[in-house]
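Comments concern the structure below.
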Amino acid sequence: MPSELSVTEEQALGLDDRHLVVVEGNCKIHPTALPALQSLTSICGQSGSGLGIASGYRSFERQLAIFNAKARGERKVLDDRGCAVDLKCLSVREQLFAILRFSALPGASRHHWGSDMDVFDPMAMPAGYQVQLTMAECEEGGVFGALHRLLDEHLPHSEFYRPYARDLGAIAPEPWHLSYAPLARAYEKVLTRDLLGDCLQCADLALKPVVMRHLDDIYRRFVQLESCSEK
Ligand SMILES: [Zn+2]
């Protein structure tokens, strides 16, 4: 990583994208991650798999719209089996954590940084196939199974890793989510609990009182990715 790289609070919160570049698929990523991404893409290519980016940078505003739509019942909230959750049957705390299982709080998404991306294999898809980003796609025999076996093999030797590889009890596993470690570590340091809290306090955020009440817990489990035994 170039020593002159500076990471700002606005970038860490998804409030600034001027430092990013547009790559194939009209996704934005941080230019510092590009050489390592190109190298990983070429390794996958040698074994006949493509490395497409389904989602790169996402702004604070976009994440806020997704979160609020789920909290307000305008967009489905799913459970681990892929079934829609009836939020009305849950306490507000339970509603919040059901949403956070699959959608980050605005300001707390790793997609704000340009270091993180959701990947798929465009070469493995039948014509007209819509990428879903599900566990079934990534498993042996799934449409992206070959790509993920290659990633299993090569990620340990690259600077990319899967931050959501395992279910630690908070965020659902997302093997398709890759993070460029040198950059992500820099953003992790800037995104403190207080920076996130101050930002959310000023946002038009649904469920704000319960978010602020549980922010310490959310920050530990959903940002710092600490393991939790009880939910
Ligand atoms: Zn992702």
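The values are calculated or read from the model by the stated rules, or taken from the named source; none is laboratory data. Owing to the predicted nature of the structure, the values given are computational and were not obtained by experimental measurement. Glycine gets a Cβ as well: all are built from the backbone with ideal geometry, and neighbour counts include every protein chain shown. Side chains included, ligands, DNA and RNA excluded: accessible areas come from the protein's heavy atoms. Shrake-Rupley method; radii C 1.70, N 1.55, O 1.52, S 1.80 Å.
Some values worked out for this structure:
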item: Residue-by-residue Karplus 3J(HN,Hα) for segment 150-157, coefficients 6.51, -1.76, 1.60, Hz, glycine and proline x; result: 5, 5, 3, 6, 9, 4, x, 9
item: Between segment 180-196 and segment 1-71, the alpha-carbon center distance in angstrom; result: 15 Å
item: Value of relative contact order over segment 9-223, rounded to a whole percent, pairs C-alpha under 8 Å and six or more apart; result: 25 percent
item: Net charge of neighbours whose Cβ lies under 11 Å from the Cβ of VAL131, counting Lys and Arg as +1 and Asp and Glu as -1; result: -3
item: Long pairs among LYS28/LYS76; LYS88/LYS208; LYS70/LYS208, criterion Cα-Cα beyond 21 Å; result: LYS28/LYS76
item: Gain in span if fully extended, ARG149 to ASN26, counting 0.36 nm per residue against the direct Cα distance; result: 41.7 nm
item: Qualifying GluC sites (Glu not before Pro) for segment 132-209 [loop in DSSP, other Cβ within 10 Å: at most 11]; result: GLU140
item: Average Cα contact separation per residue, segment 132-231, under 8 Å, 6 or more apart, as relative contact order %; result: 24 percent
item: Heavy-atom accessible area per residue - the chain, 1.4 Å, Å²; result: 49 Å²
item: 5 angstrom amide H check on SER55, placed H, neighbours 5+ away; result: ASP118
item: Potential lengthening between PHE102 and GLU140 on full extension [0.36 nm per residue; Cα-Cα distance subtracted]; result: 11.4 nm
item: Share of carbon and sulfur in the accessible heavy-atom surface of the chain [1.4 Å probe, %]; result: 51 percent
item: Low-density loop cleavage sites - GluC sites (Glu not before Pro) in segment 1-74, where at most 14 other Cβ are within 10 Å (DSSP); result: GLU4, GLU74
item: Radius ratio Rg over Rh of the chain, counting only Cα atoms, Kirkwood formula for Rh; result: 0.96
item: GNM flexibility winner over the chain from CYS202, CYS27, CYS138 (Cα, springs under 10 Å); result: CYS202
